[in-house]
Amino acid sequence: MKESNKIVDSLEQMIGLMRREYRTIATSYAITLVLLGGIFVYGLLYNYMYQPNVVRNIPVVVVDNSKTSMSREFIQMLNATPEVEVVTDGLDYAGAKRMMKEKKAIGILLIPDKFEKKIEQGEESITIMYENTIAFLYYLGMQTAVSFAMQSFNSEIRPDQLVFLPADAAPVMAGSQSPVSVTGTALYNYTGGYGTYLIPAVLMVIIFQTLMMVIAMISGKERKSGSILYYSVFAETRFGMMKVILAKSLLYTLMYAIFSIFLLGLMPVVFDLPDIGRWTDIVSLMIPYLLATSFMGLAASVFYTDQDAPLLMIAFFSVGLLFLSGVSYPLELMPWYWRAAHFIFPVAPATLAFVKVNSMGAGISEINVEYTTLWIQCAVYFVLALFAYRYNVKRASETTQKTPIPS
């Protein structure tokens, strides 16, 4: 009977701690703004910026100063690409610029007057591209179309020489026609869309970043205001601080479970992102991910002295965290120290596992390494969070005792 009463008392204490934490979040405009703005605005903004996922029929004006059979053939090859539609090739450069200003064209391709002559003499002929950057993917689409058209044109006109490219484009070597034709097929990104490849990973990073920011702001506010002394009673008992850490983490996990439905469930449907993973596998993955992130944020609270400074630090590492996940760059090619860092931050294995499950249809057995890593991180960061919060309470108590009482 006594044991059951202790369990009930512990549960009541944890519920009280969760209510207190929720009031802290709900009554702070700054924390609420980061929480809701980061999840909803951040998530929608990223998806909007990379829409459309695949760019087709970009209106392009060709300024053909050569007006030769070769330049006309090259224009036909360019117009045959799915990314570009040549709206006109009879204007001069001034007329082409006017069309861009009137938003009737997104880009201009300038073919020099000695285009055919240089090719016949075996010299390099350079074309120039001008592009509008009102959408992120226009530049990539036009550059891809021009590069493919040039390679095809080069293979037909002079296959024994190097392909010619725009001056600002990456060099592509096509020394001679290969005796073996190789065709690549994207298994999990058949459209070749940049958003399809990037956004699922970014959504996981958003969850990590915003949760770390919220915990940092709460912890910094507690230490700066001295309200962390409320937990001094719990720090005196054996399992008291454990209740504090579990209550805080449980509240964060429940809140972000709802936000995850929006980011990982609704966003893929609205913006036509990959969504072939089983929801049971995604839920199984998100539980240790949210817990490990919560424990890590609480463990790092020892470094938070106010609620503003950590925001810039956490936001600064967003690109690096995406890199560490192994989605944008293979883990196998990373130096050993970057591969080791992959297992430090929960977002890295969780992002890689989510892409495997949601974009490639993998099951829990296929993400066993990442899944096990997240549970190990839960255990490690839970212990560190206990020590960190006890240390914070102790420091706050010592500071209060040293502060002279005004007469």
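Before we move on, is Lys118 open to solvent by 40 Å² or more (accessible area, probe 1.4 Å) and over 24 Å from Asn154 (Cβ atoms)? Before the answer, list the steps.
Values: open to solvent by 40 Å² or more (accessible area, probe 1.4 Å): yes; over 24 Å from Asn154 (Cβ atoms): no.
Judged against the criteria, Lys118 is not a match.
Mind listing just one residue for me: the one in the stretch 327-357 that is open to solvent by 60 Å² or more (accessible area, probe 1.4 Å) and of a type in the set (A, V, I, L, M) and, of those, farthest from Ile206 (Cα to Cα)?
Leu333
Give the number of residues within the stretch 344-367 that are over 17 Å from Gln209 (Cα atoms) and within 19 Å of the chain's Cα centre (by Cα).
7
Being of a type in the set (A, V, I, L, M) and modelled with pLDDT of 95 or more narrows it down to one of Ile199, Ile287, Ile207, so name that one.
Sole residue among the options that is of a type in the set (A, V, I, L, M) and modelled with pLDDT of 95 or more: Ile287.
Give the residue that is farthest from Met49 (Cα to Cα), with candidates limited to residues of the stretch 132-142 that are open to solvent by less than 40 Å² (accessible area, probe 1.4 Å) and either assigned to a helix (DSSP H, G or I) or not polar (S, T, N, Q) (or both).
If we take residues in the stretch 132-142 being open to solvent by less than 40 Å² (accessible area, probe 1.4 Å) and either assigned to a helix (DSSP H, G or I) or not polar (S, T, N, Q) (or both), then Met142 is farthest from Met49 (Cα to Cα).
Looking at (1) over 21 Å from Ile126 (Cα atoms); (2) in a loop (DSSP other than H, G, I, E, B), can you tell me which one Gly90 breaks?
(1)
Mind listing whichever residues of the stretch 315-326 are part of a helix (DSSP H, G or I) and either touching a strand residue (DSSP E or B) at 6+ places or on another chain (Cβ under 7 Å) or open to solvent by 100 Å² or more (accessible area, probe 1.4 Å) (or both)?
Across the stretch 315-326, the qualifying residues are Phe316, Val319.
Take the residues in the stretch 66-114 that are at pLDDT 85 or above, more than 18 Å from Phe153 (Cα to Cα) and among the basic types (Lys, Arg), then tell me which one is least open to solvent (accessible area, probe 1.4 Å).
If we take residues in the stretch 66-114 being at pLDDT 85 or above, more than 18 Å from Phe153 (Cα to Cα) and among the basic types (Lys, Arg), then Lys97 is least open to solvent (accessible area, probe 1.4 Å).
Quick check on the stretch 48-57. Is at least one of its residues assigned to a helix (DSSP H, G or I), modelled with pLDDT of 85 or more and aromatic (Phe, Trp, Tyr)? So that I can check it myself, show each step before the final result.
Kept after step one, since they are assigned to a helix (DSSP H, G or I), are these residues of the stretch 48-57: 48-49.
Filter once more, so that each one left must be modelled with pLDDT of 85 or more: none.
Checked against the condition, which is being assigned to a helix (DSSP H, G or I), modelled with pLDDT of 85 or more and aromatic (Phe, Trp, Tyr), the stretch 48-57 yields no hits at all.
Test Val63 against the criterion of being among the β-branched types (Val, Ile, Thr), buried (at least 20 other Cβ atoms within 10 Å of the Cβ) and part of a helix (DSSP H, G or I), and give yes or no.
It is false that Val63 is among the β-branched types (Val, Ile, Thr), buried (at least 20 other Cβ atoms within 10 Å of the Cβ) and part of a helix (DSSP H, G or I).
Just checking, how many residues over the stretch 6-46 are surrounded by 13 or more Cβ atoms within 10 Å (Cβ to Cβ), at pLDDT below 90 and aromatic (Phe, Trp, Tyr)?
Residues that pass the stated criteria total 3.
Between Ile25, Ile39, Ile108, which is β-branched (Val, Ile, Thr), in a helix (DSSP H, G or I) and within 30 Å of Leu198 (Cα to Cα)? Walk me through it before giving the result.
Numbers: Ile25 fails: within 30 Å of Leu198 (Cα to Cα); Ile108 fails: in a helix (DSSP H, G or I).
None of the other options fit; the residue is Ile39.
Answer yes or no: is there a residue in the stretch 156-168 that is modelled with pLDDT under 75, within 28 Å of the chain's Cα centre (by Cα) and within 21 Å of Tyr50 (Cβ to Cβ).
Restricting attention to the stretch 156-168, the residues satisfying the condition of being modelled with pLDDT under 75 are 157-168.
Of the ones still in play, those that are also within 28 Å of the chain's Cα centre (by Cα) are 168.
Subset that is within 21 Å of Tyr50 (Cβ to Cβ): none.
Within the stretch 156-168 (the criterion being modelled with pLDDT under 75, within 28 Å of the chain's Cα centre (by Cα) and within 21 Å of Tyr50 (Cβ to Cβ)), the answer is no, since none of the residues qualifies.
Determine whether Leu298 is open to solvent by less than 40 Å² (accessible area, probe 1.4 Å), of a type in the set (A, V, I, L, M) and outside any helix (DSSP H, G or I).
no
The values are calculated or read from the model by the stated rules, or taken from the named source; none is laboratory data. As the structure is a prediction and not an experimental result, all values here were calculated from the model. When we count neighbours, we look across all protein chains shown, and the Cβ atoms used for this are built from the backbone with ideal geometry, even at glycine. All accessible areas refer to the heavy atoms of the entire protein, side chains included, with ligands and DNA or RNA removed. Shrake-Rupley method; radii C 1.70, N 1.55, O 1.52, S 1.80 Å.
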